[in-house]
Amino acid sequence: MQAKRFNQEATKLKDCIVYIVSIDTPFAMERFCLDANAKNIIVASDFIDKTFGEKYGLILANSFLKGMLTHAVLIIDKEGKLIYQEICEELGNEPNYQAALNKINTL
């Protein structure tokens, strides 16, 4: 749901690149993009070593889905500074899309 939503929103965003990071395999992500017609996002896999998930504290530890990445939104400015972060406590929760979009629109 999150990837689909941001794929839709990406067409409206100026000077913004939307990356979706998942622990799905690159092959599964490619299939998703084809099936969902996701052409406005860049997908990246954290499947092998979960470096991205570890760096940003996104790996679920106290869940039956231990080791999975939770939903999150990270906004990084042109200088590489993290300026917005929302981490969902439960994998079933989706982030506050409007809050993230509002932050992007202030840049």
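The values are calculated or read from the model by the stated rules, or taken from the named source; none is laboratory data. Note that this is a predicted model, so its numbers are computed, not measured. Here the Cβ is made from the backbone with ideal geometry for all residues, glycine too, and neighbour counts use every protein chain on show. For accessibility, only protein heavy atoms count, side chains too; no ligands or nucleic acids. Shrake-Rupley method; radii C 1.70, N 1.55, O 1.52, S 1.80 Å.
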Starting from the amide H of ILE20, placed 1.01 Å from N in the peptide plane, find each other amide H under 5 Å away whose residue is 5 or more places distant or on another chain. ILE42, VAL43, ALA44
With θ set to phi - 60°, apply the Karplus curve 6.51 cos²θ - 1.76 cosθ + 1.60 along the stretch 100-105 and write out the HN-Hα couplings as whole Hz, x wherever there is a Gly or Pro. 5, 5, 4, 5, 4, 5
So, R0 is 30 Å and r is the distance between the beta-carbons of ASN62 and LYS14; what FRET efficiency does that work out to, to 0.05? 0.15
Counting only protein heavy atoms with a 1.4 Å probe and every protein chain in place, the carbon and sulfur fraction of the accessible surface of the stretch 6-46 in whole percent equals 52
Pairs of lysine residues in the chain - Cα separation under 17 Å, sequence separation of 8 or more or cross-chain: 12
Considering only the chain, what is the antiparallel percent among its DSSP beta bridges, to the nearest 5? 60
Long-range share for the chain, i.e. C-alpha pairs more than 25 Å apart as a percent of all pairs, stands at 18
I'd like the accessible area for ARG5: 1.4 Å probe, protein heavy atoms, all chains in place, Å² to the nearest 10. 70
Mean Cα-pair separation over length for the stretch 31-77, i.e. relative contact order, pairs under 8 Å, 6 or more apart, %: 19
Average Cα contact separation per residue, the chain, under 8 Å, 6 or more apart, as relative contact order %: 19
Put a dot 7 Å past each Cα toward the Cβ at ASN105 and THR25; how far apart are the dots in nm? 4.1
For ASP49 and LEU74 in one chain, what is 0.36 nm times their gap in residues minus the Cα-Cα distance, to one decimal in nm? 7.0 nm
Give the distance, in whole Å, between the Cα centre of the stretch 86-107 and the Cα centre of the stretch 44-72. 17
FRET efficiency for LYS81 and GLN2, Cβ-Cβ distance as r, R0 = 30 Å, nearest 0.05? 0.85
